[in-house]
Amino acid sequence: MTSAPALAAALTLPTDPSPGTPSPTPPPTTTAVPSTTTAPSSPTAESSLTPSTTSPTTATPSTPTTGTAPTTTASSPTTSTGTPPPTPPTSPTGTSPRPTDTSASDAETRQRRELDDVTAELDRRKADVPEELVPVVEQLAATLRAVQDPRNTPQQRNGTISSARQVDAALGVIDAPETPQAVREQLTGAVREVTSLLDAANRPGSPPEEQRTKSRLAYRASPALRTIADTGTPPEVREAVTRIVRKVRERADAGDARSMDAAKTMTASLLIISDPNTPDQERKHLARTTDEEGSSGDEQDDWTERMKKEQEEAASAQGLPDESLTKAAEVCTNAVFDSVPDGTLSRHLKSVIPDKWETEGVNDFWKSDEAANDSLDVLVQLRSRQLSGANLEIEQLVPRFADAVPAGDLFMTLGPQGLHCLRAALQLDQDKGVASGSWVRMAEEKD
């Protein structure tokens, strides 16, 4: 069985090799069962996902990541138990962006190492888990091998890595003798659902778009494992979150457009609920509303509209993050890359990206990192499967993201990372006089 110190260490693993988001702050520990890390962001599909870890630079499983995937703000919040959470110059406007391809091979090497590390950890974990969970560990290890297929995108791999880390940490909680039996049972069920989603996302013969979407759903659902594992989570929230994770898997299995839209909406709620900066009252209300998904078409439409408003209210309760323009833009960009279809991004960024990307076509907008002079180093995978990087100006990117994701859809699309987008838009407007559409108006309301 896993000792308490070893378990605590396992649960503070960084979860974001998200599809593109920075590593999250470790999540909170509790008196009996330490919580797992969150993740955001991170897998991108041609259907908009509202996926990282998270992330989350912030949290998640990934919040998926967000790759992904889910993001916490810069403040240091407390949980319901009262304990702190574990947690090159740009080219001149009008010229071609400066290439940064030298970072591509490093990123690929790091990703390969992360895959090896989490696979090795699962191999070790298999000796500790209850016998009935050994097939789950084996299934997850097989998924990690399958996602190495070069036909998969870097974000799919990052999202799978982040989700696997969340599952591994949850398995440690299940194995811990001090874990309450009710928590163990609920967490075991949720682990099975997330693992099933990951397996479906890497099933041979599935259409690439379907694989990307299901991979993203798993990445965005996996932060829920942290919430379920945390003994400070109110029982009604834990029970609702456990049911929501099951519903996400059921809707993903159904596969029709309406079911997939519902699953994406539910994973946005999971990212917000699992963000440690979301106040307890908002978590409870959002969990209850999300769990009340309508069954008929009209009921589901009403539920979706209600979810947009309640996700915005719950995410906004923590306020805009206090951070620099480059940090806000980095988190925002990674969340957008995680959740907005690549085809949509290519259309909106056509006047910003290098000629090479436009000519060869972008297969996967992977991730971004802070750079000098209010710019970001952006890494993509081209349709030739070659990785390519360029330095892009924030004031060129953010307004185009705002065109792609209207403010009314921001939190349903990006989860809590939408707050970082609003911060970036507000700073661009105030400091540079650069407008970002409806994002600025919403940011002014929330600042």
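Values for this structure:
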item: Ordering of 324-337, 279-292 by burial proxy (mean other Cβ atoms within 10 Å per residue, highest first); result: 324-337, 279-292
item: Nearby aspartates and glutamates by direct alpha-carbon distance to residue 126 (threshold 20 angstrom, same-chain neighbours under 8 apart not counted); result: 114, 116, 117, 138, 168, 175, 178, 185, 193, 199
item: Simple spin-label estimate for residue 438 and residue 254 in nanometres, 7 Å along Cα-Cβ; result: 2.6
item: Fraction of accessible area attributable to carbon and sulfur, region 295-380 (%, probe 1.4 Å); result: 41
item: Packing-based order for 411-423, 167-179, 385-397, 224-236, using average beta carbon neighbours within 10 Å, highest first; result: 411-423, 224-236, 167-179, 385-397
item: 14 Å Cα-Cα reach of residue 284 towards aspartates and glutamates, excluding residues that sit fewer than 8 places from it in its own chain; result: 236, 239, 275, 292, 310, 313
item: Summed residue charge, Cβ within 12 Å of residue 284's Cβ, Lys/Arg positive, Asp/Glu negative; result: -3
item: Per residue accessible area of region 306-447, 1.4 Å probe, in Å²; result: 34
item: Under 22 Å from the Cα of residue 356 - lysines, other chains or at least 8 residues apart; result: 367
item: Positive minus negative residues near residue 433 (Lys, Arg vs Asp, Glu; Cβ under 14 Å); result: -3
item: Heavy-atom accessible surface of region 156-196: percent carbon and sulfur, 1.4 Å; result: 52
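The values are calculated or read from the model by the stated rules, or taken from the named source; none is laboratory data. Here the structure is a predicted model, which means the values were calculated and not measured. Positions of Cβ are generated from backbone atoms using ideal geometry, with glycine treated the same way; all protein chains shown enter the neighbour counts. In case anyone asks, the SASA skips ligands and DNA or RNA and just uses the protein heavy atoms, side chains included. Shrake-Rupley method; radii C 1.70, N 1.55, O 1.52, S 1.80 Å.
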